[in-house]
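First the structure, in the form of structure tokens, and then the observations on it.
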Ligand SMILES: Nc1ncnc2c1ncn2[C@@H]1O[C@H](COP(=O)(O)OP(=O)(O)OP(=O)(O)O)[C@@H](O)[C@H]1O
Ligand SMILES: NCC(=O)N[C@@H]1O[C@H](COP(=O)([O-])[O-])[C@@H](O)[C@H]1O
Ligand SMILES: [Mg+2]
């Protein structure tokens with residue numbers, strides 16, 4: 001049995017804990033608030049600010065875990081190098097977690113060192129620098145904080161007079177104390193995918209069938225598997241995923257994000273060194289092993305005999321329309337449960353924010369079924385669940 005310290009306890013962590021406990025592991029779930037989803041199913045929990053290095057060290061010293069599994073980006077990741085030196089396994093590696101928490105580190109590694117194709121980009125430390133960069137990139141362009149996730153602080157800028165707002169919005173949506181943004185060329189992609197990639201301690205890098213997804217405001221709304229893409233594009237994406245995960249080092253499951261364009265090919269966007277929100281579609285049984293089980297096996301160095309697509313699947317999110325400190329309630333459970341081949345996962349978050357993701361609807365069908373119809377079904381059913 002291993003002692004696993006989970007840093008971040010959202011919906012993705014909750015599923016990971018369930019997989020880990022089913023294999024007899026002991027989990028301490030951490031987050032900044034009480035009653036977080038993964039804490040509800042873990043063996044122990046700790047509530048503290050994971051961006052605070054001293055606090056992080058205190059918790060690591062207290063529990064002496066064998067393995068640290070980061071579940072979010074907002075962690076004092078520099079400290080992870082020390083823990084790794086002391087012999088604790090950091091997942092997938094301290095380097096991977098440290099590089100991916102800041103868009104600058106991962107983007108420069110991918111574009112400059114590894115030569116992967118990405119959107120053109122610049123960094124800006126002031127509004128003036130942002131304006132100069134926008135001049136070079138043109139409109140529309142995308143502005144994001146260097147440190148954020150789930151679309152926080154992100155804006156699509158259509159003209160120069162929107163830059164000031166994008167600057168303010170980006171700075172306010174930034175985690176931590178740095179005031180620096182990335183400005184990117186807007187890629188007119190035809191589709192986007194997440195390529196779940198598994199790096200192993202003893203074994204080759206494995207790929208899941210590609211997951212297609214749709215985002216709104218930088219946050220995922222629906223995903224489906226398999227995405228039907230050009231085999232040449234898939235091959236290119238797999239090669240890029242292999243390169244970037246090798247450069248970041250370590251064992252685990254990664255969500256590697258790409259934009260696909262018929263005209264311009266494959267662009268690397270970014271990656272998570274952990275299960276991906278769009279990968280929740282694998283909870284519909286689309287594969288023999290879902291993304292959380294794959295992550296766990298890779299982390300523990302257990303064999304993965306192969307990844308097989310068993311059926312097609314679609315996920316659609318349930319967002320909160322309200323902001324409240326009260327425990328949320330849900331209407332429409334009968335509406336969902338009367339549907340065939342459908343699962344509902346309410347994450348159990350103890351309070352709401354506007355547009356906070358509270359649950360997901362998962363639908364599946366045989367491999368030869370119509371994927372578009374399945375996507376519509378998942379969205380229709382998710383629309384029947386009301387958070388209040
Ligand atoms: N340069 C771009 N051109 C076109 N669309 C973009 C660009 N950058 C981001 N987007 C859109 O915004 C979405 C979110 O962007 P990105 O993945 O960089 O943000 P994020 O906050 O890290 O999201 P998450 O943490 O949920 O993965 C992308 O999936 C894509 O739909
Ligand atoms: N795109 C990253 C992502 O989906 N992360 C997932 O969302 C949780 C935070 O949710 P919250 O903001 O509702 O607390 C995280 O803990 C993780 O499970
Ligand atoms: Mg993303």
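Since every read-out is calculated from the coordinates, none of them should be taken as a lab result. The model shown is predicted, which means the values in this text are computed figures rather than measured ones. So basically every Cβ, Gly included, is an ideal-geometry build from the backbone, and we count neighbours across all protein chains shown.
Would you mind calculating the relative contact order of the chain from Cα pairs under 8 angstrom and at least 6 residues apart, reporting the percent as a whole number?
On the way: 886 pairs, mean separation 50.7, N = 388.
This gives 13 percent for the chain.
Got the relative contact order for the stretch 286-388 handy, in percent, Cα pairs under 8 Å and 6 or more residues apart? Write down the numbers at each step before the final one.
Working: 192 pairs, mean separation 37.2, N = 103.
About 36 percent, as a whole number.
Does the stretch 1-127 come out rounded, prolate or oblate, given a ≥ b ≥ c as the square roots of the eigenvalues of its C-alpha gyration tensor, rounded meaning a/c under 1.5 and, failing that, prolate meaning a/b above b/c?
Working: a/c = 1.89, a/b = 1.89, b/c = 1.00.
Verdict is prolate for the stretch 1-127.
Quick one: if you stick a label point 7 Å off each Cα along the C-beta vector at residue 214 and residue 309, how many nm between them?
2.0 nm
Work out, step by step, the length gained on full extension between residue 232 and residue 340: first 0.36 nm times the residue separation, then minus their alpha carbon distance; give nm to one decimal.
Working: separation 108, 0.36 × 108 = 38.88 nm, distance 3.55 nm.
Here the answer is 35.3 nm.
Taking 0.36 nm per residue of separation and subtracting the Cα-Cα distance, what length does fully extending residue 172 through residue 323 add? Please report the intermediate quantities before stating the final value.
Values: separation 151, 0.36 × 151 = 54.36 nm, distance 1.87 nm.
Between residue 172 and residue 323, full extension yields an extra 52.5 nm.
Averaging sequence separations of C-alpha pairs under 8 Å and six or more residues apart, then dividing by the length of the stretch 191-387, give the relative contact order as a whole percent. Please list the in-between numbers first.
On the way: 443 pairs, mean separation 40.5, N = 197.
Worked out over the stretch 191-387, it gives 21 percent.
By how many nm would the segment from residue 34 to residue 202 grow when fully extended, if each residue of separation counts as 0.36 nm and the alpha-carbon distance is taken off? Walk me through the numbers on the way to the answer.
Values: separation 168, 0.36 × 168 = 60.48 nm, distance 3.73 nm.
Roughly 56.7 nm would be gained on extension.
What ranking, highest mean first, results for peptides 190-200, 376-386 when packing means the other Cβ atoms within 10 Å averaged over each residue? Display every interim value, and only then the final one.
On the way: 190-200: 22.9, 376-386: 18.5.
Order by mean packing, descending: 190-200, 376-386.
Based on the alpha-carbon gyration tensor of the stretch 120-185 and its eigenvalue square roots a ≥ b ≥ c, which shape applies: rounded if a/c is under 1.5, prolate if not and a/b is larger than b/c, or oblate?
Prolate, because a/c is 1.5 or more and a/b exceeds b/c.
Name the shape class, rounded, prolate or oblate, that the alpha-carbon gyration tensor gives for the chain, where a ≥ b ≥ c are the square roots of its eigenvalues, rounded holds for a/c under 1.5, and otherwise prolate holds if a/b is larger than b/c and oblate otherwise. List each step's numbers first, then the result.
On the way: a/c = 1.23, a/b = 1.09, b/c = 1.13.
Because its axes are fairly even, with a/c under 1.5, the chain counts as rounded.
What value, in deg cm²/dmol to 500, does the helix sum -39500 (n - 2.57) over DSSP H runs of n ≥ 4 give at 222 nm once divided by the residues of the chain? Let's see the in-between values first.
On the way: 11 runs with 109 residues, N = 388.
One gets -8000 deg cm²/dmol as the mean residue ellipticity at 222 nm.
Separation between the residue 136 and residue 386 pseudo-spin-labels, each 7 Å from Cα along Cα→Cβ, expressed in nm?
5.2 nm
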